[in-house]
Amino acid sequence: MATCHISSKSRAIFAGIFSLIQALIWCAIAILGILLYTCKISVTESSGLTYLFYLVYFYSGECGAVEIELQEDATTTRILWPTNGTAAALKTYMWIIVYLMLSLVWAISSLLFLIVTVAETRGAEGVKLRVPWLVTTAVFLILDVAGTIVYSVDISFTEDLQQLLEFVGLHHIDDTLGAYNSSSIFGSITMGPSIIATLIFSRLIIIWVLNLTLLIHIAHDVRQTEKKKALEPRQPREPYKEYLKKLSTVGPIPDVKWEPYQRKRSEVPIVKPLSKPSPPNERKRKQSDYGQYLYYARHLPQARLYDIQSETPPTAKSEITDPFAASMVDPHIPTVDYVVSESLKKEIPPGSDVIKENLQMSKNPSRGGDDLNLLY
């Protein structure tokens, strides 16, 4: 099919517009048929085939008596059309009522289908909004087949004038009237109304086939879209790999916003807030600010203890030769090299262990907590 070579969205838009046009046309046909059946619109004999179609399928008897002339050579006979209408007219009236109601539903569902297609609505909501169009189109396809069968059967009952008169209910006509093979109204083609009705309900066959093709393709597209969405692996609910990577490095805790949909927060270090209420201006700080404070408050930088007799101060890259000092250094906590001043060398005897036992690092609260003092 030609529709296979276009995108699903373009195909859906075409289907929505095409079905909307059909629905509006059928609404117009149904309204016109109702007006003809209720005698709101009059049809004259000069209308030709339209008048013939009206007599067979829309004449209800409320518009007055109708006489037709039967001719054979120079002889003319006039007969009265059924004044109470015909069974074919009542049948057609019921069909157009059903088609009018369904056409209104089809028009609304087509508009909704177009809106959903243009907006590219997916998921359960998109399916729910597309289902009315799919169902209505399927119902129309079934009704078209049923109507085509019903009116195609009428063709076999209207092959000649005698059969046509019996079809409309003139069973009391004498058999001798069968010799009359023509009339001023019907002419010689008595199957015309049934053929027209069959073509209308079959939508000229081509339109019906196109509707069926569009319905199959769009239903397949909707099914494939939802199936593809269902088969797609769900995204892991741990979008903080970059955050974990940053936490593995030495430095302040990065400023990352917590999302409420994180599934396993236990995998990420949770920094608890301060035990004492913070001032109003500090309450607006983010969690990373408190984390940085608590981290350095609980894990103070450790000093590397060197031999105070060394004349050359060690650098940050120098190795710790003292085993006791090396055991005090936590490799996971950043270290800082400190050099003992000359005044301290004079006060403490060389090789004394006092400095090793009493040397501590603490915060200086008087200077904002950023400077470190050597206490002994």
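For Leu80 and Gln163 in the same chain, what is the full-extension length gain: residue separation times 0.36 nm, less their Cα-Cα distance, in nm?
28.3 nm
Taking every alpha carbon pair in segment 2-231, what does the distance histogram look like in 5 angstrom bins from 0, in percent?
1, 6, 13, 16, 14, 11, 9, 8, 7, 5, 4, 3, 2, 1, 0, 0, 0
If you project the alpha carbons of segment 1-118 onto their three principal axes, what span does each projection cover, largest first, in Å?
On the principal axes, segment 1-118 reaches 66, 29, 21 Å in Cα extent.
Quote to one decimal, in nm, the extra length available between Lys40 and Lys9 on full extension: 0.36 nm per residue of separation minus the C-alpha distance between them.
6.8 nm
Can you sort Leu134, Leu55 by how many other beta carbons sit within 10 Å, fewest first?
With the sparsest Cβ surroundings first, the list reads Leu134, Leu55.
How much length is gained if the chain between Glu62 and Ile149 is pulled fully straight, taking 0.36 nm per residue apart and subtracting their Cα-Cα distance, in nm to one decimal?
28.4 nm
Under the rule of at least 5 residues apart or a separate chain, name every residue whose amide H is placed under 5 Å from the amide H of Leu70.
Amide H neighbours of Leu70, under 5 Å, 5+ apart: Thr77, Arg78, Ile79.
Listing Tyr59, Tyr51 from the residue with the fewest other Cβ atoms within 10 Å to the one with the most, what is the order?
Ascending Cβ contact count within 10 Å gives the list Tyr51, Tyr59.
Using r as the Cβ-Cβ distance of His220 and Ile108, and R0 as 35 Å, what FRET efficiency do you calculate, to the nearest 0.05?
0.90
State the three equivalent ellipsoid semi-axes of segment 29-80, derived from the C-alpha gyration tensor as the square roots of 5 times its eigenvalues, in descending order and whole Å.
Working from the Cα gyration tensor, I get semi-axes of 25, 12, 8 Å.
Here, each number is a calculation from the coordinates, and none is a lab measurement. These numbers come from a predicted model, not from an experiment. Every residue, glycine as well, gets a Cβ built from its backbone with ideal geometry; the counts of neighbours run over all protein chains shown.
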